[in-house]
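Structure record follows, encoded as structure tokens.
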Amino acid sequence: MLDLALTMEGLVRNVKLKGSLGCSDHEMVEFKILRAVRRVHSKLAALDFRRADFGLFRDLLGRVHWDKALEGREAQESWLVFKGHLLQAQEQCIPTKRKSGKNTRRPARMNKELLDKLRHKRKPTEGGSKGR
């Protein structure tokens, strides 16, 4: 384990041998472990199926002459051809949305409808009593 830590560039500094510990033939090693760099949350792009145009998607894939496109090909090669057409149609028909970092995600059970109800519940009603 120590060999791995010492060979990873930029992980440790100031490595010094401090002599043996008592009568042991093992030597003590002193080193400074550098602070890990903060993780940067990348902005992920996710497919937004709610705004997708599935009619166009179906049409685009329906226009492909699959018999001709896959004729004489092995299974792996056929898969790559199909995958290419699928991804091309996906790019045209399904928009993407940015997903933010892990800390800003809300639980799946907190959908828009539930959040709207909670927001409405928290708003004070007009003409309601203040002494509640």
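The values are calculated or read from the model by the stated rules, or taken from the named source; none is laboratory data. As the structure is a prediction and not an experimental result, all values here were calculated from the model. Here the Cβ is made from the backbone with ideal geometry for all residues, glycine too, and neighbour counts use every protein chain on show.
Of the helices (runs of 4 or more DSSP H) lying entirely inside region 1-111, those carrying at least 1 residues that are surrounded by 11 or more Cβ atoms within 10 Å (Cβ to Cβ) and at pLDDT 70 or above are 54-62, 66-70, 75-93. Among the residues of region 44-73, those that are free of Cβ contacts under 8 Å to residues at least 40 places away in the same chain and closer than 30 Å to Lys99 by Cβ comprise Arg50, Phe54, Gly55, Leu56, Phe57, Arg58, Asp59, Leu60, Leu61.
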